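The structure appears right after this line, and notes come after that.
Please treat every number below as a calculation from the coordinates, not as lab data. Only a predicted model underlies this, so the values are computations on that prediction, with no experimental measurement involved. Positions of Cβ are generated from backbone atoms using ideal geometry, with glycine treated the same way; all protein chains shown enter the neighbour counts.
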Amino acid sequence: MRKIFGHEEKLLRSFEAVGVSPDEIDVVINTHLHFDHCGWNTVYREGRAVPTFPRAHYYVQEGEWRHGQLQTERDRISYISDNYNPLIESGKMTLLNGDRELLPGISVRVFKGHTEWMQAVIIESGGRKACYISDLIPTTQHLDLAWGMAFDLYPLDTLYSKKRFYAEAVREKWLVIFTHDPKVPWGYVEEAEGKYGIRGI
């Protein structure tokens with residue numbers, strides 16, 4: 001996997017650089033279970049997958065986990081069970097069934113398209129909202145309704161989910177966080193004559 005994808009494994013080094021210990025993390029929300037979105041759930045110690053964040057409780061949609069168990073020809077390369085099955089077996093991961101508030105001001109909402117059960121994370125504070133939209137809109141190049149990734153399992157649903165997301169996020173001026181954009185980590189989506197663009201902060 002390192003050879004194919006060029007993983008740099010920076011997460012724990014980044015935590016250390018800002019003085020945060022893995023023991024200080026108490027909640028981990030997986031938008032979906034592709035390895036690039038949940039690969040730091042666990043680490044190997046003595047040949048066994050154990051929680052990277054030993055005090056944390058983890059969350060994901062049950063439908064997403066069930067799909068990962070199928071190991072289909074279409075996307076089995078994306079699902080590595082050691083990233084999540086040990087957490088379920090130990091009771092450290094809760095399987096959700098649809099939209100839900102997890103903590104005051106932190107909720108998840110399902111947006112079908114990239115996978116059937118991918119969820120976005122919505123954070124509300126001081127009357128404003130930010131949304132980690134995950135792979136529904138992975139980069140600012142994917143703002144257009146019709147532009148999706150080849151990895152999307154349900155391309156038409158990606159389009160419909162974007163419409164549903166924009167109807168709220170644009171109107172209410174949500175700060176949108178982009179998972180895979182190398183240059184624009186976040187910004188406000190704006191619409192003019194059916195075209196979507198980004199205003200940075």
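Data for the structure
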quantity	calculated
The chain: most fluctuating residue of 179, 115, 158 per GNM, C-alpha cutoff 10 Å	179
For region 1-97, size of Cβ-based charge dipole, Lys and Arg +1, Asp and Glu -1, in debye	200 debye
Cβ-defined net charge surrounding residue 154, 11 Å radius [Lys, Arg +1; Asp, Glu -1]	-2
Cα centroid separation, region 25-66 to region 78-116 (Å)	9 Å
Charge sum, other residues only, whose C-beta stays under 15 Å from residue 138's C-beta, Lys/Arg counted +1 and Asp/Glu -1	-3
Cross-link pairs 129/173; 112/163; 3/183; 10/162 - those with Cα-Cα distance over 19 Å	3/183; 10/162
Per principal axis, descending, Cα span of region 1-110 in whole Å	40, 35, 23
Nearest-ten-degree value, helix 155-169 long axis tilted from longest Cα axis of the chain	70 degrees
Gain upon complete extension [residue 90, residue 102; 0.36 nm per residue less C-alpha separation]	2.3 nm
Sum of side-chain charges, residue 67 neighbourhood, beta-carbon under 9 Å (Lys, Arg +1; Asp, Glu -1)	-2
Among 49, 120, 17: highest mean-square fluctuation, GNM of the chain, C-alpha pairs under 10 Å	17
Charge dipole (region 1-82, unit charges on Cβ, about Cα centre) - positive-most of 29, 79, 41	79
